[in-house]
Amino acid sequence: MSKKFSIIIPCLNTPKNCIDKCISSAINQFPNTEIILVDNGSDKNFFSYLLTFQNLPQVKIIRENKLGVSSARNKGLSYATGDYIIFLDSDDYLEKNCLEKLSLILEKNPADIVIHKTNIHELDGSVNENKCLFNDGYITDKNEIFKSIFCTTNTIFSCIETPWAKCYSKKFLDKNNINFSEDLLIGEDVLFNIKCYTLAENIYVSNLILHNYQRNPNSLSSSFQPNMSIQSDKLIRHIAEFNPNLTDYEYFNYYCIRILSRLLRKYYNHLSKEDFKSDYSLLLNNPYIVKALLSNPKDLNASEQKILELTNSLELDKLYELVKSNKIKKNIPKTNQVVCEK
């Protein structure tokens, strides 16, 4: 089977050693491959460096304003001419012969989406294999894949909701008009994959490790953003609008509580009490969050149960005190500098 792959790489001021490794891993792959570098508003020095790759026959370079990673990926999709799409973050890299192995998988197992495993390179230099929640083969119960998105905790890195560590049929994406929601700054990958998993006829899982993910403390998901409540509210509403059936399941309620818990642990510590109460009240106007709070989902940990209790009683002053304490605090850097958008 002679299939063409398009590798889409959004770039934003990526460290040179990272972008070199990323592009090299993409170039040294399957012969029939195009590499689409979408510069997402980097400074002149980085973009000039990126242009040093333009003479490579496989490489296309697209320059756009800093409109976010969703816009960059969509731009890459609009230029892609391959049969299959690979999304690769600019500080990650592919395993040797990744595309050759994917081609063999697809020849034997035609699929709209192939999910595979990744190595996770931690900040301390250690490398961990991500947890694969499915065995090799086709996924026959889509409820299980949605459950894995909504119920997987941060301690189980499954990659099930990320756009990388996957291969997508371009024909499938085009037929269903699937792209990234550009009004979302967080969770755009979750929504994208919910669309894909909802509409895909065949989803295949391989336990081969074909991708390398590198932790980045300066990534968008690891940086404080002042509009996290608005973004979280949008994400939940978008999911419910696209696939209303998902809101009937208990694990969607659990996901809503998880979002609240994550905001409280990682973001709200940066806010004043007044701003916290204003932001949190916005989320309490979301009907799906209200439903989740009233449903009292199973399997909540002690911290999440306390959040549920104080929220339902509208004791936001006490909840803010809990945020400021060490009991649920998991602070992240307050920065507007994003090295790589992940």
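The values are calculated or read from the model by the stated rules, or taken from the named source; none is laboratory data. In this text, all values refer to a predicted model and were calculated from it rather than measured experimentally. Because the Cβ atoms are built from the backbone with ideal geometry, glycine has one as well, and the counts that use them run over all protein chains shown.
Quick notes
- Selection from region 100-125 of residues that are among the basic types (K, R) and either crowded, with 17+ Cβ neighbours inside 10 Å or closer than 15 Å to K166 by Cα (or both): K101, K117
- Selection of first residues in region 14-38 that are in a helix (DSSP H, G or I) and of second residues that are surrounded by 15 or more Cβ atoms within 10 Å (Cβ to Cβ) and among the acidic types (D, E), restricted to Cβ pairs under 6 Å at least 6 apart or on distinct chains, gives the following pairs, ordered by first then second residue: C18/D91.
- Sole residue being assigned to a helix (DSSP H, G or I), modelled with pLDDT under 85, of a type outside the set (K, R) and farther than 30 Å from L37 by Cα, chosen from N253, N326, N269: N269
- All told, L282 meets the bar of being among the hydrophobic types (A, V, I, L, M, F, W, C) and loosely packed, with under 15 Cβ neighbours inside 10 Å.
- Scanning region 50-84 for residues that are surrounded by 15 or more Cβ atoms within 10 Å (Cβ to Cβ), hydroxyl-bearing (S, T, Y) and not in a strand (DSSP E or B) gives S70, S71.
- Within region 31-41, being crowded, with 18+ Cβ neighbours inside 10 Å and not acidic (D, E) holds for T33, I35, I36, L37, V38, N40.
- Qualifying residue in region 44-67 (condition: touching a residue at least 40 places away in the same chain (Cβ under 8 Å) and under 21 Å from the mean Cα position of the chain (by Cα)): yes
- Matching residues, region 85-116, being in contact with a helix residue (DSSP H, G or I) (Cβ under 9 Å, 6 or more places away or on another chain), assigned to a loop (DSSP other than H, G, I, E, B) and either over 23 Å from C18 (Cβ atoms) or not assigned by TED's automatic domain parsing to the domain that holds T14 (or both): A111, D112
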